[in-house]
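Data block below; observations after.
The values are calculated or read from the model by the stated rules, or taken from the named source; none is laboratory data. In this text the structure is predicted, and so the values were computed from the model without any measurement. Here the Cβ positions follow ideal geometry from the backbone for every residue, glycine too, while neighbour counts run over all protein chains shown.
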Amino acid sequence: MKATDKNPAIDACITRTFGVDRKGSVNTMTCGWCGKPADGFRDELSMKEYTISGLCQECQDKTFVEPDEDTCELCGGELGCYGPCLNEECDNNDPFDMRERNERN
């Protein structure tokens, strides 16, 4: 399997950030995050993602999770029936009041 080509600066940034050479991981069929063998992919899309990110199936599953539609993406709190978070301290408490949110930032 061959790693996708990226701008050398991007590959260098990935290596500096994560301490692992993404292309080297893909070339040796190991996961760039956990170091385990990268095999047993669920489907073609997961194999393609491996060539892009260097993540094995298990690490992809842990990284690319679908958000639970009943929980807030920001704090994990419960969402009300129209989407705002029920946690009063969360920035997602009132998504229609951008003025208050901007004042906090």
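Confirm whether Cys34 is at negative phi and assigned to a loop (DSSP other than H, G, I, E, B). Taking the combined requirement at face value, the residue satisfies it.
One line per residue, one yes/no per condition, for (1) in a loop (DSSP other than H, G, I, E, B); (2) farther than 30 Å from Lys23 by Cβ; (3) at pLDDT 70 or above:
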site	(1), (2), (3)
Phe41	yes, no, yes
Leu45	no, no, yes
Glu58	no, no, yes
Asp68	yes, yes, no
Gly83	yes, yes, no
Asn92	yes, yes, no
